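Take a look at the structure set out below.
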2 protein chains.
Amino acid sequence: MRTEDIKGMNGLASKEKFIISEIRDLINAKNFEPGEKLPSERLLAEKLNVTRGSIRNAIQKLEQYGLLKSMPQSGTFVSDLERTALNGMIDQILTLPTPDFKSLVETRIFLELKIVKFAAARHTEEDMAEIEQAQLNYRTKTLAGEDSVAEDLLFHLAIAKASHNASLQRLMLSITPQIITNFEKYHVCKNNTAISAIEEHEEVVKAIRTKRPELAEVKMKDHFSVLYQYCYET
Amino acid sequence: MRTEDIKGMNGLASKEKFIISEIRDLINAKNFEPGEKLPSERLLAEKLNVTRGSIRNAIQKLEQYGLLKSMPQSGTFVSDLERTALNGMIDQILTLPTPDFKSLVETRIFLELKIVKFAAARHTEEDMAEIEQAQLNYRTKTLAGEDSVAEDLLFHLAIAKASHNASLQRLMLSITPQIITNFEKYHVCKNNTAISAIEEHEEVVKAIRTKRPELAEVKMKDHFSVLYQYCYET
DNA sequence: ATGACCAGATTGGTTAACCAGTTATTCTCC
DNA sequence: GGAGAATAACTGGTTAACCAATCTGGTCAT
């Protein structure tokens, strides 16, 4: 059995993939009931001829997806899912490809259009203050002719926070940096559009402040128009 | 310095929070440039009076969000983000609350309505076969009067895969199990609605097969109507 | 002066021993 | 024979020593 250390398509080392699939097979072979206890890490390590650390990594991965739950000094338990569901999820996790840039941008736009609607509907006074402060920072930095990518990011994150949906906020946090760090590479963000972005931002702010979700979405869409074209017209 | 082991609001142990915030402070104090190398794990551990393992955990967390990047036998580097952006992101990560059930459901519906549109537009023959097989499984299991929560989940995951957007698929994978495992607790999924769900599913399948994104979205929305009411009418 | 090169220090990653709880077992006493 | 307590075995988590790749600084031949 080769266990190369090269990273796979979805960021999982192939050794980790192997272990995860073995755990899946074990769950199937033994007809595990939901909530049942997995064999101990040591036993699994011995059975699969890998180190215990590798087992722990694999378990941690599946724990991130909510499929397993480790209890200190007690054991690792499969979550309350049917075995067939567990199987399907693990299969998808194993074959999940690394998102390409277009997928990321597509997802980001889509997330933000919803987030800004929620923000317009649910924001508090403090949220509004933070958004406006972020926009002020972006404005001054941009007008000074300096690079304002960071301030732009913070503006959008402030809106995400104001959406009062922790789940959406987290998704936003997890996909944004990947996009930002690839921006230059893909030449998506033109510097000369930064000035006009100030006004676009302020239109969004105005719509949020006046609590008009639909308008906020439209204005955000305008702001994303360049990115949008990149996604759907190439 | 208290370092309780109790999990914080966002699933981060307070010790981890402390370390992450210290790392942030360090990056600020030393005016780190994008891409610069962080002090070694040993040095950080000594400086913060914690074990090296704790440092490694914190770094791993920030790596998940794409803010740091560990290079074997070389060092840990901050990603190519402005320091202000780094700061804002870390602050949000530290204060991110655990998503409540309503946030999760809200997000799931929203994701699926987009996913089904993409699936209708982009699915391949294999995708379609998998979706229809999943639906068949759901149908037979439900008609047999057995519990079909797992088959329902797999049906929706098959559609997510057919969206051909790895980013969306991953988001879907990461929020679904949390919802499923809380279903019973919140009594959202009534057993007696399962039969009618068969037809709703098949309407969705039909819309996907005939490549009508808008219709697919409508049909999916119908399918989620009960959940939707739970979200927005309580 | 310059470039190739080598040894030692430093790095993140890995391993194995250890720890504090939990759980199963056995032994005792009624 | 059965309930309760002591105990041994086992659990995931933690720690410290170890590893191999890498980086650094100086040295030496050119």
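Values quoted throughout were computed directly from the atomic coordinates according to the rules given, and no laboratory measurement underlies them. Note that the structure is predicted; figures quoted are calculated from it, not measured. For neighbour counting, all protein chains shown are included, and Cβ atoms are generated from backbone atoms with ideal geometry for every residue, glycine included.
Output the number of residues of segment B:133-148 satisfying the condition of being part of a helix (DSSP H, G or I), touching a helix residue (DSSP H, G or I) at 6+ places or on another chain (Cβ under 6 Å) and in contact (Cβ under 8 Å) with a residue 12 or more places away in the chain. Give the steps one after another, and end with the answer.
If we filter segment B:133-148 for residues that are part of a helix (DSSP H, G or I), which is where we start, we get B:133-143.
Still in the list and also touching a helix residue (DSSP H, G or I) at 6+ places or on another chain (Cβ under 6 Å): B:134-135, B:137-139, B:141-142.
Still in the running and in contact (Cβ under 8 Å) with a residue 12 or more places away in the chain: B:134-135, B:137-139, B:142.
Looking only at that region, the number is 6.
Evaluate the following for residue A:178: is it part of a helix (DSSP H, G or I), within 14 Å of chain B (Cβ to nearest Cβ), under 24 Å from the mean Cα position of the chain (by Cα) and surrounded by fewer than 22 Cβ atoms within 10 Å (Cβ to Cβ)?
On the way: part of a helix (DSSP H, G or I): yes; within 14 Å of chain B (Cβ to nearest Cβ): yes; under 24 Å from the mean Cα position of the chain (by Cα): yes; surrounded by fewer than 22 Cβ atoms within 10 Å (Cβ to Cβ): yes.
Spelling it out, residue A:178 is indeed part of a helix (DSSP H, G or I), within 14 Å of chain B (Cβ to nearest Cβ), under 24 Å from the mean Cα position of the chain (by Cα) and surrounded by fewer than 22 Cβ atoms within 10 Å (Cβ to Cβ).
State whether one or more residues within segment A:120-128 are within 30 Å of residue B:154 (Cβ to Cβ), part of a helix (DSSP H, G or I), free of Cβ contacts under 8 Å to residues at least 60 places away in the same chain and not acidic (Asp, Glu). Walk me through it before giving the result.
Filtering segment A:120-128 for residues within 30 Å of residue B:154 (Cβ to Cβ) gives none.
No, there is no match, as no residue in segment A:120-128 is within 30 Å of residue B:154 (Cβ to Cβ), part of a helix (DSSP H, G or I), free of Cβ contacts under 8 Å to residues at least 60 places away in the same chain and not acidic (Asp, Glu).
Can you confirm whether residue A:135 is closer than 19 Å to residue A:219 by Cβ, buried (at least 17 other Cβ atoms within 10 Å of the Cβ) and polar (S, T, N, Q)? It would help to see each step written out before you state the result.
On the way: closer than 19 Å to residue A:219 by Cβ: yes; buried (at least 17 other Cβ atoms within 10 Å of the Cβ): yes; polar (S, T, N, Q): yes.
So residue A:135 fits the description; yes.
Return the residues of segment B:40-95 that are away from every other protein chain (no Cβ under 14 Å) and away from DNA strand D (no atom under 13 Å from the Cβ); say none if nothing qualifies.
B:43, B:44, B:47, B:59
Does residue A:104 satisfy being out of contact with any Phe, Trp or Tyr (no Cβ under 9 Å at 6 or more places or on another chain), hydrophobic (A, V, I, L, M, F, W, C) and touching a residue at least 12 places away in the same chain (Cβ under 8 Å)?
Values: out of contact with any Phe, Trp or Tyr (no Cβ under 9 Å at 6 or more places or on another chain): yes; hydrophobic (A, V, I, L, M, F, W, C): yes; touching a residue at least 12 places away in the same chain (Cβ under 8 Å): yes.
It is true that residue A:104 is out of contact with any Phe, Trp or Tyr (no Cβ under 9 Å at 6 or more places or on another chain), hydrophobic (A, V, I, L, M, F, W, C) and touching a residue at least 12 places away in the same chain (Cβ under 8 Å).
If a residue must be more than 8 Å from DNA strand D (Cβ to nearest atom) and away from chain B (no Cβ under 11 Å), how many such residues does segment A:29-39 contain?
Of all residues in segment A:29-39, those more than 8 Å from DNA strand D (Cβ to nearest atom) come to A:29-36.
Then drop every residue that is not away from chain B (no Cβ under 11 Å), which leaves A:29-33, A:36.
Selection size over segment A:29-39: 6.
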